[in-house]
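Okay, so here's the structure we're looking at.
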Amino acid sequence: TDLRPLDILSEVVPAGRLARGMRVFQVQGVRGFQLAASQPRALGFPASRLFIHCDRFPEEFSIIVTLRVLSIPAKRNEYLFTLMAEESPSVLVGLRYAPDKLHFLFWSQERTGSWQTRVTFRNVSLSDNQWHTLVLAVSGQSFSLTVDCSIPKDVVVETPFPASLSVKRASFYLGNRRRRKGVFTGLLRQLVLLPGADATPRICTTMNFKVATLSVPTVLQDHPAKPASNEVLKYPYETDTKVTLGSRPPCTKQEKSQFWFNASRRGLYLCNGSTWISMLEVKQRLDYVEDYQNLVTNSETMGVEVFTIPKVGLFAATANRYTPPGSAIYKWTDGKFVPYQNIPTYQAQSWKYFTIGKKIFLAVANFEQNDRGQEFSVIYKWSHRKEKFITYQRITTHSARDWEAFVIEGEAFLAVVNHREGNNHNIDSVIYRWNPRTGLFETNQTIPTSGAYDCEFFTIGPYSFLAVANTFNGTSTKIYSHIYIWLSGSFQLFQSILTFGAADWEVFRIGDRVFLAVANSHSYDSRMPAPSNFYAINSSIYELNITAQTFVKFQDLLTYSALDWEFFSVGDDSFLVVANSFNGFTFSVNSIIYRWQGYEGFVAAHHLPTVGCRDWEAFHTAEGSYLLYSSAKEPLSKVLKLKTT
């Protein structure tokens with residue numbers, strides 16, 4: 001033979017005609033053959049088609065393989081190819097894959113007898129559902145394997161590859177050894193024999209080493225010829241591409257080349273391995289907000305939590321002031337929230353929904369003692385059998401205002417914000433760690449707080465943060481709220497920001513920028529003259545300065561006893577809605593939706609009449625996007641629908 005690449009794969013599909021038991025599949029944008037085990041002989045051809053001028057296998061050569069391996073059982077072997085004599089079951093030359101191993105087989109024959117030699121390359125892990133290119137170089141007793149152009153694995157054996165291996169009346173078999181057992185179950189894209197040379201320098205010249213190409217059958221090439229208008233595609237292929245419906249799924253290397261259809265936004269997105277790229281989307285814009293549902297509640301509502309239980313539905317939990325009748329959980333049914341479950345609570349302030357593995361929890365922050373004089377907040381667990389939340393763990397708290405659930409380094413945590421104990425506002429709030437052995441939350445750390453109202457967990461790169469909104473220290477609301485960073489197994493102070501009766505932190509991202517908004521509720525200091533209005537006060541938005549490694553003030557917005565911020569998006573537009581609760585004269589105050597205007601910052605876009613507004617929640621259903629606000633001054637909350645164009 002001359003020193004040209006001998007394309008074994010192309011010989012099985014002459015003129016683009018697939019043999020029986022072969023299909024073309026496209027995965028991660030790359031095409032390969034999938035082989036069936038039913039007719040292994042159909043995937044063979046005589047060696048004489050490759051070795052035209054000589055019936056001897058080359059003494060020195062390289063084998064180049066591009067493949068995608070599926071996970072296989074620990075003791076199973078799968079053949080990538082074999083060369084076998086017609087009258088013998090022995091493998092003259094073959095390549096076989098086992099979990100974490102690659103075996104190269106060849107037949108040695110001398111006067112004293114014949115035997116098969118196996119050269120094993122260990123720690124070759126290919127079963128990750130990714131494409132890989134292997135180069136096996138053979139010369140005498142030396143065997144070298146290069147995977148994806150990494151550092152070669154070299155093996156020297158006692159028996160050299162034969163100098164004169166006859167291929168007369170022998171045939172190549174693709175993905176098998178002429179029988180059904182051991183058929184290759186993955187995808188093959190390239191299988192080339194290059195006589196007389198190490199192919200590594202020829203292969204490792206491209207940036208995409210995993211699909212580096214020396215010779216690929218036409219049917220697998222990325223850009224087949226465009227058919228004429230009246231001609232079907234010459235080389236049809238299948239793909240394992242899936243279209244996911246529903247809420248935003250993860251986009252990782254495993255989902256690369258998969259599609260997601262967002263029904264509410266009427267958009268089609270493609271995963272590029274890290275983010276969802278818009279392929280086709282009707283860009284919606286917020287036009288106006290309409291009154292959609294009056295949600296009658298058990299009593300005034302201090303907070304609301306909207307959440308989805310997989311395969312069950314969308315719910316809203318209201319934290320109601322009085323017991324009886326306690327707080328309520330509503331289920332979204334036929335486009336409206338309807339009562340689902342009542343839970344006894346004691347001047348509940350907020351709910352927090354979270355999961356740990358397959359367990360589903362809902363924690364309530366109780367502000368007052370129960371009928372027995374006991375003061376605790378409760379974690380409820382979802383019962384799949386009863387389809388209700390049932391009591392799971394009681395935790396002693398002190399006028400609890402808020403719960404925050406988060407995960408750090410694979411461990412689950414739950415933080416409670418304690419507001420005061422008696423008349424003492426300067427007390428500890430507590431962070432609990434989930435103990436998987438006991439199945440309970442246990443105290444992990446305490447953080448000193450002053451009349452705290454809220455805490456917000458967020459991550460920036462590998463770092464985890466917890467922002468605490470301090471409201472009142474016993475004499476003044478003009479106090480520092482703190483941002484903590486997780487270091488060496490606990491939260492440590494990262495930054496302090498002066499706030500005025502801080503009631504809420506809201507973290508959000510716009511592009512690569514990270515923002516933190518504080519809701520300031522009122523300005524009061526017993527040692528200072530009273531201002532003209534305690535409640536008309538700026539709330540502030542801070543932006544992370546990467547260089548300074550600190551949050552710096554970005555914008556002030558005039559608010560009226562602001563108690564909550566909620567960030568949401570419509571199409572490409574970003575919004576913040578504030579819960580204005582009291583202007584010093586009345587609880588009937590407009591809450592404002594601010595639109596992100598880039599250089600201008602947030603600009604008022606919509607004024608929403610509210611009464612004692614305490615909390616906002618944004619949520620989406622198949623029918624559209626909504627806002628839900630809770631009123632702390634009347635037993636009526638409202639669902640508003642975002643009308644788009």
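The values are calculated or read from the model by the stated rules, or taken from the named source; none is laboratory data. Predicted model, so just to flag it, every value in this text is computed and none were measured. Every residue, glycine as well, gets a Cβ built from its backbone with ideal geometry; the counts of neighbours run over all protein chains shown. Only protein heavy atoms, including side chains, enter the accessible area calculation; ligands, DNA and RNA are left aside. Shrake-Rupley method; radii C 1.70, N 1.55, O 1.52, S 1.80 Å.
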As an exercise: evaluate Ala519 against (1) in contact (Cβ under 8 Å) with a residue 24 or more places away in the chain; (2) open to solvent by less than 70 Å² (accessible area, probe 1.4 Å); (3) not in a strand (DSSP E or B) and give the number of the one condition it does not meet.
(3)
Count, please, the residues in region 604-633 that happen to be open to solvent by 50 Å² or more (accessible area, probe 1.4 Å), touching a Gly at 6+ places or on another chain (Cβ under 7 Å) and at pLDDT 95 or above.
1
Taking the condition of being under 22 Å from Phe472 (Cα atoms) and not in a strand (DSSP E or B), how many residues in region 496-516 meet it?
1
Cys251, sole failed condition from (1) closer than 30 Å to Arg401 by Cα; (2) not in a strand (DSSP E or B)
(1)
Please go through region 590-603 and give me each residue that is within 23 Å of Pro635 (Cβ to Cβ) and either open to solvent by 10 Å² or more (accessible area, probe 1.4 Å) or of a type in the set (Phe, Trp, Tyr) (or both), ordered by number.
Asn590
Condition first: among the aliphatic types (A, V, I, L, M) and open to solvent by 20 Å² or more (accessible area, probe 1.4 Å). Now tell me which residues in region 486-502 satisfy that.
Leu487, Leu493, Leu498
For region 300-359, which strands (runs of 3 or more DSSP E) that fit wholly inside it have 3 or more residues that are open to solvent by 30 Å² or more (accessible area, probe 1.4 Å) and at pLDDT 95 or above?
327-333, 336-343, 348-356
Single match in Arg23, Arg96, Arg56 (criterion: of a type in the set (Lys, Arg) and open to solvent by less than 60 Å² (accessible area, probe 1.4 Å)):
Arg96
Can you tell me which residue among Phe33, Phe45 is part of a strand (DSSP E or B) and more than 30 Å from Asn272 (Cβ to Cβ)?
Phe45
Residues satisfying the stated conditions in region 604-638, i.e. among the basic types (Lys, Arg) and farther than 20 Å from Trp332 by Cβ:
Arg614, Lys633
Taking the conditions exactly as written (in contact with a Pro (Cβ under 9 Å, 6 or more places away or on another chain) and either closer than 29 Å to Ala85 by Cβ or in contact (Cβ under 8 Å) with a residue 12 or more places away in the chain (or both)), does Ser114 satisfy them or not?
no
Ser569 being open to solvent by less than 40 Å² (accessible area, probe 1.4 Å) and in a loop (DSSP other than H, G, I, E, B):
no
Touching a residue at least 24 places away in the same chain (Cβ under 8 Å), more than 29 Å from the chain's Cα centre (by Cα) and outside any loop (DSSP other than H, G, I, E, B) - does that describe any residue in region 450-458?
yes
Take Gly451 and tell me if it is in contact with a His (Cβ under 6 Å, 6 or more places away or on another chain), closer than 30 Å to Glu600 by Cβ and modelled with pLDDT of 95 or more.
no
